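J.: Got a structure here, written out as structure tokens. Questions coming.
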Amino acid sequence: MFMSHVHKKHFFMLSLAFFFGTAVMANRDHKQVSVPQHSTLHQDNPIDSVQTGNKKSFFSNAVNGITNFFMGCDTNYVTPQKYQLTAQVELSYWHDYYSMRSSETGNRMVIESDPSCILGGYLYYSIFGYGVVWNLNDLGIPAGKTNGTSMRHSFVLHTAKFFAEYYTFNSGKGAEITSVSGMDLSGKDRTFKGLDSRCKGLSAIYFFNNKKFSWPAAFGANAVQRKSCGSWSLGFQLNHQKISFDKEALPDYLRENIDSTLLFSHVNYHDYNISIGYNYNCVLGRNVLLAASLMPNIGYRRSNITEAQEEKHSILNNLSTDLNFRLSLFWNNTRVFSGLIFEAHTYAYRKNKFGLTNTFGTLKYIVGLNFWRKPQPKYQYLKNK
């Protein structure tokens, strides 16, 4: 377990304070709701009514039109977002795992990053969102000496039909060598500050059963799933990652005795993948949702690997196979929401004598508030003559 006692305490206090604050605001908002006159429109006879109201700006009309197109759903299964703005706070723990294996000798080395305590937030307007998170472990640490994941930026599009995200993040240089084939590391210095990873990418997912299944309810918290439902999905991902390994930063006893075929200097790769997966939302109770998503990826990868022992460059064009897994548990009453999200992304690189598997895992705790309620249409009834 990589969460320290201090981190757990801060995590709990922050979550408790924010949750009670938003709950009070939601309760106040609920008490102020008023029911407009003539609000009993008969949905089975819409011809007898005419929609009226104040003129809206071109921008407002455009946003509402786009939102209605992309967020259309079967309201027996999904309660759509009722508010224009969403603000959420994220507190999470990020963990990186690197496994290097030599096919020539069969030896293996595993390196794991220092656990990162991440704090940040997202702001959504309608279906558009932006988020940024920082590593709390980095506070007061000079640039270039960070521990674990340092910063992540995300631009997201959450709709009923599809989800899209552009992201950038980097993992810092704090890591620990957890195992090396043929060597006993007990009681020895295993600190390693020579690993650095930087990644950016664009991904999009389309959901076939988008009228009844809601991805935003499962991972965006801007809708509520009312009946359990699943959906197949089709996606693509463009990904670029750079991983640097400084062998000089290894402890002396390792640098002198380690299998040189396990080492590399740089890995620079581009991925172009498609994915077919399945997603399921299980409604556990009123406003409570458990969701899971599994999406294997397959595609083309172009890799440039620099070997540490010879500083030799190898350019590889091969098939890539990766895996994305997500799991969430949310409570959402349409005004206030709170939940947990677990995500794991695995990337694998192979060349003639060397293999590298890189896994990113994160556990997020999210609390948020929806506000600026969308205007409700006003109706004027026509009398039958």
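Laboratory data are not the source of any read-out in this text; all were calculated from the coordinates shown. Being a predicted model, the structure only gives us computed values, none of them experimental. Heads up, the Cβs are rebuilt from the backbone with ideal geometry, glycines too, and the neighbour counts pull from every protein chain shown.
J.: Assuming 0.36 nm per residue, please report the length gained on full extension of the stretch Leu234 to Ser181 beyond their Cα-Cα distance.
T.: 15.1 nm
J.: If neighbour count is taken as other Cβ atoms inside 10 Å, put Cys199, Cys282, Cys117 in order from fewest to most.
T.: Least to most surrounded, the residues fall as Cys282, Cys199, Cys117.
J.: How far apart, in nm, are the 7 Å Cα→Cβ label points at Ile298 and Tyr83?
T.: 4.3
J.: What number comes out for the charge environment of Tyr300, summing +1 per Lys or Arg and -1 per Asp or Glu over other residues with Cβ under 14 Å away?
T.: +1
J.: Set the Förster radius R0 to 22 Å, insert the Cβ-Cβ distance between Asn333 and Val132 as r into 1/(1 + (r/R0)^6), and round the FRET efficiency to 0.05.
T.: 0.25
J.: Round to the nearest 0.05 the FRET efficiency obtained for Arg198 and Asp74 when R0 = 41 Å and r is the Cβ-Cβ distance.
T.: My answer for the efficiency is 0.45.
J.: Arranged by the count of other C-beta atoms within 10 angstrom, fewest first, what order do Glu104, Glu248, Glu176, Glu112 take?
T.: Glu248, Glu104, Glu176, Glu112
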